[in-house]
Each structure stands twice: as C-alpha cells, then as structure tokens.
Amino acid sequence: MEFRTVDHWDEELWKKWRSIYHEAFGEKGAKSEKIIRNMFRKQTCFFHIAQDESEVYAIALSGKLQGTKILLIDYLAVREKHRNRGVGRMIINYIMSWSINREFDSIVIEVEAEQMSENLARIRFWEKCGFMLLPYIHHYRVVPEPYQAMVLKLVPEAELPEKGEEVFHLIERFHKKSFQGS
C-alpha cells in the first residue's frame, strides 16, 4: 500500500476517491465537490490517500488551522470492505509523519458527541491512535448533532489551546473559510 498527499485539485485523484468519500459521508453532511474544490483553490486543505495500483483503501481531507501549527483532519474514511484491518491506523500514522515533516505540531479532529455505539467506537479508534478527548461539547448552528474535539500533540512542546471552546473557535474559522466564495 502506498500513501501520498496532494495540496491541489487533481481531477483524476478525485475520480478515485469520491466513491469512498460519498460511501462514508454522503448522507452525513459531506462537503460538496464545489466546496472541496474551493478549499483547494484557497490552498486551505490537503488530500491524503492510501492506495495500491488498482484500489483506494482510505482517504482523508485535512487543513491547517489558521495562525497555528495544528492540522485538522476534516474527513477520514476507510473503504467499508477494508475496515477493521488496520488500514485506518496506517493512514493516521502516515498523516502523523507527514504532519511532522510539514512542521505541524498537533492534530485535531471532531467527533460526534452523542453517546451512540458508532460514535463511541470512533472515539475508541482515535484514542488508540493517541488522541485525547476534550470534555467541551460544541453545538453548531447549522449541524444538528453536537461535537467534541480530540487532540494529539505530535511534539512535546506543542502549544494546543487548553479549552475545547478555543479549539472549536479555530475549527469554525476553518469551516467558514471553506464555504466562503464557493
């Protein structure tokens, strides 16, 4: 399996990963292709892919939180037939190494806060990857479900906001910029 990251829109790559993206997020508030193209146009995101010559195993869309050295993993998906085989952990390990090489010092993700088995399983996955769940529960105005942030310091001296409210302020700025001008 090979991993790679791109920082520009790539139509051929989009054709490879859109099915896995829609499989995972299509009915769960996925950003439209137009918005993702806008993110690349603004140079606010990165696309990570795990694949071999014939198949895409996993994808992630990430972005830099403005004014920080924090990478936000906006979306991560493993193709359903490859789940529970370590593929998710492999792409996270790749993103961690890639992030350190790009001088990011931390990674942040959002997880659904509702106490449902699917959400709790996701939280356990991220905890196994080294992420820590922050207690603050955030309610977006336009998204019905509440969210929590999970954080991972990649280097000991990383300066992460200590409060979940501060983390979500950064995340909301990222999302707002993603939608502007699209």
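In the condition set (1) within 18 Å of THR44 (Cα to Cα); (2) of a type in the set (A, V, I, L, M); (3) modelled with pLDDT under 95; (4) out of contact with any helix residue (DSSP H, G or I) (no Cβ under 9 Å at 6 or more places or on another chain), ILE100 is compliant with all but (3). Considering segment 42-60, the residues that are outside any strand (DSSP E or B) and touching a Ser or Thr at 6+ places or on another chain (Cβ under 9 Å) include one that is farthest from MET90 (Cα to Cα), namely LYS42. For segment 60-72, check the following and say yes or no: at least one residue is at pLDDT 90 or above and of a type in the set (Ser, Thr, Tyr). So far as segment 60-72 goes, yes, one or more of its residues are at pLDDT 90 or above and of a type in the set (Ser, Thr, Tyr).
Looking at GLU103, is it open to solvent by 30 Å² or more (accessible area, probe 1.4 Å) and in contact with a Pro (Cβ under 8 Å, 6 or more places away or on another chain)? The answer is no for GLU103. In summary, ILE20 fulfils each of the numbered conditions (1) at pLDDT 90 or above; (2) not in a strand (DSSP E or B) with the single exception of condition (1). Let me confirm something: among TYR136, TYR140, which residue is without any contact (Cβ under 8 Å) to a residue 60 or more places away in the chain, farther than 24 Å from HIS22 by Cβ and either in contact with a Pro (Cβ under 6 Å, 6 or more places away or on another chain) or assigned to a loop (DSSP other than H, G, I, E, B) (or both)? None of the others qualify; the one that does is TYR136. The single residue among PHE179, PHE131, PHE168 that is among the aromatic types (Phe, Trp, Tyr) and open to solvent by 70 Å² or more (accessible area, probe 1.4 Å) turns out to be PHE179. Out of curiosity, is PHE168 outside any loop (DSSP other than H, G, I, E, B), without any contact (Cβ under 8 Å) to a residue 60 or more places away in the chain, in contact with a strand residue (DSSP E or B) (Cβ under 6 Å, 6 or more places away or on another chain) and within 27 Å of LYS34 (Cβ to Cβ)? Considered against the rule, which asks whether it is outside any loop (DSSP other than H, G, I, E, B), without any contact (Cβ under 8 Å) to a residue 60 or more places away in the chain, in contact with a strand residue (DSSP E or B) (Cβ under 6 Å, 6 or more places away or on another chain) and within 27 Å of LYS34 (Cβ to Cβ), PHE168 comes out as yes.
Yes or no, residue by residue, for (1) out of contact with any Gly (no Cβ under 7 Å at 6 or more places or on another chain); (2) among the polar types (S, T, N, Q); (3) touching a residue at least 12 places away in the same chain (Cβ under 8 Å):
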{"position": "PHE40", "(1), (2), (3)": "yes, no, yes"}
{"position": "GLN43", "(1), (2), (3)": "yes, yes, yes"}
{"position": "PHE47", "(1), (2), (3)": "yes, no, yes"}
{"position": "ALA58", "(1), (2), (3)": "no, no, yes"}
{"position": "GLY63", "(1), (2), (3)": "yes, no, yes"}
{"position": "GLN66", "(1), (2), (3)": "yes, yes, yes"}
{"position": "ASP74", "(1), (2), (3)": "no, no, yes"}
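Only a single item in (1) surrounded by 18 or more Cβ atoms within 10 Å (Cβ to Cβ); (2) among the aliphatic types (A, V, I, L, M); (3) farther than 27 Å from SER32 by Cβ is not met by LEU120, and it is number (1).
The values are calculated or read from the model by the stated rules, or taken from the named source; none is laboratory data. The structure presented is a predicted model; accordingly, all values stated were derived computationally and were not measured. Note that each Cβ is placed from the backbone with ideal geometry, even for glycine, and that neighbours are counted across all protein chains shown. SASA here: full protein model, heavy atoms, side chains in, ligands and nucleic acids out. Shrake-Rupley method; radii C 1.70, N 1.55, O 1.52, S 1.80 Å.
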